[in-house]
1. Among the residues of region 64-104, which ones are part of a helix (DSSP H, G or I), open to solvent by less than 80 Å² (accessible area, probe 1.4 Å) and modelled with pLDDT under 80?
2. Could you tell me whether GLY19 is at pLDDT 90 or above and either touching a strand residue (DSSP E or B) at 6+ places or on another chain (Cβ under 9 Å) or on the phi > 0 side of the Ramachandran plot (or both)?
3. Scanning region 48-60 for residues that are under 13 Å from PRO35 (Cα atoms) and aliphatic (A, V, I, L, M), which turns out surrounded by the fewest Cβ atoms within 10 Å (Cβ to Cβ)?
4. Do you know which residues across region 27-54 are part of a helix (DSSP H, G or I) and closer than 22 Å to GLU67 by Cα?
5. Name every residue in region 1-19 that is open to solvent by less than 90 Å² (accessible area, probe 1.4 Å) and within 19 Å of ASN72 (Cα to Cα), in order of residue number.
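The values are calculated or read from the model by the stated rules, or taken from the named source; none is laboratory data. Nothing here was measured: the structure is a model prediction, and the numbers come from that model. Heads up, the Cβs are rebuilt from the backbone with ideal geometry, glycines too, and the neighbour counts pull from every protein chain shown. Heavy atoms of the whole protein, side chains included, go into the accessibility calculation; ligands, DNA and RNA do not. Shrake-Rupley method; radii C 1.70, N 1.55, O 1.52, S 1.80 Å.
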Amino acid sequence: MIEHVSTNGYSRKSRYDEGLLAALRWAAGQATAPPVSPTPLGRSVTAADVTREQGRAHEAMQGATAEPELRNVAQAKGQAYLTGAENTLAWITGSDALWAPWET
């Protein structure tokens, strides 16, 4: 999946695509930094970790009502990045996403 989105130019398109790739790379173990949380896990990523990170991305998208550290992520990376990360993390775990992230 990472190769597909990278080969097809997703990494150069938008902040959404940056969030998509950050989530994929983290979940696949190619990056230690989570797409939203400030601290690496220090171990392999589990499905529960992906679900938790998706929730944090969703919370960060709420803006003023989010935890301060998540508001900082929203301000630094932007709404499109968070949406890309959240959609991808939901897709990875098979949660409510009906489409692959790049189809939305």
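1. PRO101, TRP102
2. no
3. Filtering region 48-60 for residues that are under 13 Å from PRO35 (Cα atoms) and aliphatic (A, V, I, L, M), the one surrounded by the fewest Cβ atoms within 10 Å (Cβ to Cβ) comes out as VAL50.
4. Just the residues of region 27-54 that are part of a helix (DSSP H, G or I), to begin with: 27, 47-54.
Selection gives ALA48, ASP49, VAL50, THR51, ARG52, GLU53, GLN54.
5. TYR16, GLU18, GLY19
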